[in-house]
Amino acid sequence: MSPILDCIKNKNTTTKPIWLMRQAGRYLPEFKEIRIKNPDFIKLCLNKNLAQEITLQPLKRFKLDAAIIFSDILILPYGLNQDVKFIKNFGPMLGDLNIKNLNKINSVEFSNKLRPVYETLKKISKNKLIKEKDLIGFIGAPWTILVYMMNKKSPKKNLSKDFLKDKFIIDQLLIIIEKFLKIHIYNQIQNGATIIQIFDSWAGLLEEKDLNKYIYEPTLRIVNYVKSLNVPVICFPRGIKNYRRYCEVVNPDVINIDYEVDPKKIREEINITIQGGLNPKILLTDQENLKKQALKYLDIFKEHPYIFNLGHGVLPETDPNMIGYLVNLVKDY
Ligand code: CP3
């Protein structure tokens, strides 16, 4: 059994497996080289050979325990025929929503449009670099996908107060999003994903009173769906104030904490496997400091099933040597 599955299923605490969110990305010169020649990001995600190569790049350099498929959470709106572009120094830019057209999309059409992602997973799962390791598939949580589809760009700081006003559209949209997220999960698992991670990057934007409708209920249904397929599910509700309550309600197999969470406190509060926490900015400092901060997490979770990861994705300005240093440190712990 792979080290990560052993940690999740058997609650093994003796080894501390490691992988990193955004491990395949802009801090790697070999990624940048491919990216420059491929200005259309979505097209790159759908290029089977290159997507496989990018997914495996970090595994060639570092002793990581998992690969995460090179794709994006916004491949979902793309699959639903909403225009998705990534603009340099701005981020994602989505096209107008047309709820009538969305209601017409069927699952076959959707799956065919995203077929290259699934074929990439299939290819990677047969690659020897992934042997005894996990291949992580992922989705954006319904709330985070809703935010991007309706806001059409990153909500960065505050979401406008009017955002939740259009209940009629939102209710329809949430049903469509949930339906297709499940199809996307099913297809990823069918083609070799051994774990699913749910990114709720904008969970922190909601007030307590809205959590039930937009986060707890739809996420719980998706978590139960993944569990019904016998695959472990990791949730990352970034910025949510009450992780304990989230775990009680949604009950994923693994909870990824962000860097604002007090690791000691969370360890006392929940029994499930914990992942992540280290502030990615620490990787921009020096090895001595990185060692100190990484050991803090390793020591606190010594007796707790723990998968080493960050409290958010690797930053583009990170020196790859710092990643190598961190991975070796965790492996030698
Ligand atoms: O983790 C990995 O290495 C696997 C691939 C992956 C990408 N995006 C590739 C990517 C994963 C897991 C994601 C998830 C994702 N995408 C999230 C959730 C995690 C988070 O960061 O909160 C979100 C919110 C997105 C949406 C998205 N995609 C944004 C906001 C941006 C632009 C800003 C940025 O971080 O670069 C992207 C583009 C993107 N997705 C890039 C990569 C490698 C950079 C593309 C480029 O080179 O311009």
- Note on the structure: Of the residues in the stretch 183-198 that are among the β-branched types (Val, Ile, Thr) and open to solvent by 10 Å² or more (accessible area, probe 1.4 Å), the one that is farthest from residue 143 (Cα to Cα) is 194
- Any idea which of 104, 88, 113 is modelled with pLDDT of 95 or more and open to solvent by 60 Å² or more (accessible area, probe 1.4 Å)? 113
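Grab the helices (runs of 4 or more DSSP H) fully contained in the stretch 16-107, keeping just those with 2 or more residues being near the ligand (Cβ under 10 Å from one of its atoms). Please lay out each step first, then the result.
Numbers: elements: 29-37, 41-45, 48-61, 75-79, 99-104.
Of the helices (runs of 4 or more DSSP H) lying wholly inside the stretch 16-107, those with at least 2 residues that are near the ligand (Cβ under 10 Å from one of its atoms) span 29-37, 41-45, 48-61.
Does residue 66 fit the bill of being open to solvent by less than 10 Å² (accessible area, probe 1.4 Å) and touching a strand residue (DSSP E or B) at 6+ places or on another chain (Cβ under 6 Å)?
Values: open to solvent by less than 10 Å² (accessible area, probe 1.4 Å): yes; touching a strand residue (DSSP E or B) at 6+ places or on another chain (Cβ under 6 Å): yes.
Yes, satisfied.
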- Checking residue 268 against (1) away from the ligand (no atom under 14 Å from the Cβ); (2) closer than 27 Å to residue 120 by Cβ, which single condition isn't satisfied? (2)
- Is it true that residue 241 is out of contact with any Phe, Trp or Tyr (no Cβ under 9 Å at 6 or more places or on another chain), more than 18 Å from residue 74 (Cβ to Cβ) and assigned to a helix (DSSP H, G or I)? no
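Kindly indicate the residue of the stretch 313-333 that is assigned to a loop (DSSP other than H, G, I, E, B) and of a type in the set (A, V, I, L, M) and also most open to solvent (accessible area, probe 1.4 Å) among those meeting that condition. Steps first, please.
First, pick out the residues of the stretch 313-333 that are assigned to a loop (DSSP other than H, G, I, E, B): 313-319, 332-333.
Still in the running and of a type in the set (A, V, I, L, M): 314-315.
On the way: 314: 15, 315: 46 Å².
Restricting to residues being assigned to a loop (DSSP other than H, G, I, E, B) and of a type in the set (A, V, I, L, M), the top hit is 315.
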- Task: Looking only at the stretch 254-301, count how many residues are part of a loop (DSSP other than H, G, I, E, B), touching a Gly at 6+ places or on another chain (Cβ under 8 Å) and of a type in the set (S, T, N, Q).
- Result: 1
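Could you check the stretch 297-312 and list, in sequence order, the residues that are within 16 Å of the ligand (Cβ to nearest atom) and open to solvent by less than 10 Å² (accessible area, probe 1.4 Å)? Talk me through it step by step, then tell me what you get.
Of all residues in the stretch 297-312, those within 16 Å of the ligand (Cβ to nearest atom) come to 307-312.
Residues satisfying the conditions are 307, 308, 309, 310, 311.
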- Assess whether residue 121 counts as being surrounded by 14 or more Cβ atoms within 10 Å (Cβ to Cβ) and away from the ligand (no atom under 15 Å from the Cβ). no
- In the set 84, 108, the lone residue that is among the β-branched types (Val, Ile, Thr) and in contact with a helix residue (DSSP H, G or I) (Cβ under 6 Å, 6 or more places away or on another chain) is 84
- of a type in the set (Gly, Ala, Ser) and either on the phi > 0 side of the Ramachandran plot or free of Cβ contacts under 8 Å to residues at least 60 places away in the same chain (or both): does that describe residue 95? yes
- Task: Give 176, 124, 189 a once-over and let me know the one that is part of a helix (DSSP H, G or I), touching a residue at least 12 places away in the same chain (Cβ under 8 Å) and over 20 Å from residue 68 (Cα atoms).
- Result: 176
- Note on the structure: Among residues of the stretch 156-181 being open to solvent by less than 30 Å² (accessible area, probe 1.4 Å) and at pLDDT 90 or above, the residue nearest to the chain's Cα centre (by Cα) is 181
- Query: Of these, 278, 283, which one is farther than 26 Å from residue 188 by Cβ, buried (at least 18 other Cβ atoms within 10 Å of the Cβ), under 17 Å from the mean Cα position of the chain (by Cα) and within 16 Å of the ligand (Cβ to nearest atom)?
  - Reply: 278
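The values are calculated or read from the model by the stated rules, or taken from the named source; none is laboratory data. Everything numeric here is computed off the predicted structure, so don't read it as measured data. Cβ coordinates were reconstructed from backbone atoms using ideal geometry, including for glycine residues, and neighbour counts include every protein chain displayed. The area values use the complete protein model at the heavy-atom level, side chains included, leaving out ligands, DNA and RNA. Shrake-Rupley method; radii C 1.70, N 1.55, O 1.52, S 1.80 Å.
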